[in-house]
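Here the structure comes first, spelled out in structure tokens, and everything after it is commentary.
Bear in mind these aren't lab numbers, they're just calculated from the coordinates by the rules spelled out. This structure is a prediction, so every number in the text was calculated from the model and none was measured. Note that each Cβ is placed from the backbone with ideal geometry, even for glycine, and that neighbours are counted across all protein chains shown.
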Amino acid sequence: MKLFSRHIITLLAFLSMSVSASALKPTISATIDSTVMVMGRQTTVHLEIVKDANSKGELVPPGDIIMNGVETSAIGESESSDIGSGRYSVKQDITIQSFDSGIYMLPPFAFVENGETIKSNQVVLKVLPVPVDSMKTVHDFADVVDVKREFMDYMPDWAVNYGIWILLALALIAMGVAGYFLYKKNGGIRLTPKKAEPPYNVAMRELNRLKNENLCEQGREREYYTRLTEILRVYLDTRFGINAMEMTSSQILDALQQNETAAMSKKYMEQVLEVADFVKFAKVRPLPQDNAEAFNSAIKFIEDTKPLPETDEDASSEAKGVHPESKK
């Protein structure tokens, strides 16, 4: 009797465990919005998966082609909800479409968990052909529409894409050609030379600068006389055309003797050159009075030989191409 009771208890426990295991097994079901649709339209298949909360299973997504004649148009996002007792419901929509008429038994959708595949029920889809109107409603071909064209439509693509750059290049070339012929016509580019500063102004400015440096007071007599004679040599070159920079003192005096304008003032130049040669070559230190006299002699020479103010008669002669000094 006891042995029979044990077998009964064991059997009941086994049946309870089997029922419990069966209750926790996931399920997948499929429904369809419309089992009948016109060719080219769409309908939606609704999938519902009921599984345990700890289930790691996944729905096997359908491919682009569900079966021959039926395609997948879109797969929606899955939505999960708690239905109690540790169970969850996962819903997902799949939009399908067909372009061939006929009756289709869609293959079951699959849910895989722990290597086990659980399949849904199959749904049936009937696809109707598109109704065709009778010949009375068939219209003739429409006439070709005359498209409104603009000027740019008749131009080649390269002219439209690079037209601005081409016009710019042609304009630059035209300007270059016009400038060349203008240059040839006018005999070349004539630049107005900058009017040179009068030699008198340059010499007086440099003498004043030399005076303000006070070189003699600093014991720099040699530098002072070198600068002083250099100012006078530049003045002779620019004023009379005498290349004094390359001449000795005696050669400078000879050249002044032969110049009518400077001959009368030669004595002032001679005084400056004489003291300068003593200082530069004989290393003689002149007295302050000698320095002042040499500077004054340079001033007198420049003042005596500066050009006379231009008269109206001279200006008229110069405009006619006759230099005033050439008149007798």
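Annotation: extensible slack from GLU274 through ALA196 equals 25.0 nm (criterion: 0.36 nm per residue apart, minus Cα-Cα distance).
Note on region 25-128: Lys pairs 8 or more places apart or on different chains, Cα atoms under 23 Å apart, count 9. Given their separation in residues at 0.36 nm each and the Cα-Cα distance between them, ARG209 and LYS126 gain 18.4 nm when the chain is fully extended. A simple spin-label model places the labels of GLU230 and LYS91 10.6 nm from each other, with each point 7 Å out along Cα-to-Cβ.
Each of GLU303 and VAL284 was given a label point 7 Å from its Cα along the Cα-to-Cβ line. The distance between the two points is 2.6 nm.
Taking Rh as the Kirkwood radius computed over C-alpha pairs, what is the Stokes-Einstein D of region 199-308 at 4 °C in a medium of viscosity 1.567 mPa s, expressed in µm² per second? If you can, show how the numbers build up before the last one.
On the way: Rh = 13.9 Å.
For these conditions, the coefficient is 93 µm²/s.
Ranking of PHE240, PHE111 by neighbouring Cβ atoms within 10 Å, starting from the fewest: PHE240, PHE111. Taking 32 Å as the limit for the C-alpha separation, the pairs LYS194/LYS283; LYS211/LYS306; LYS195/LYS283; LYS211/LYS266; LYS195/LYS300 exceed it in the case of LYS194/LYS283; LYS195/LYS283. Summing charges over all other residues whose Cβ lies under 13 Å from the Cβ of LEU253, with Lys and Arg as +1 and Asp and Glu as -1, gives -1.
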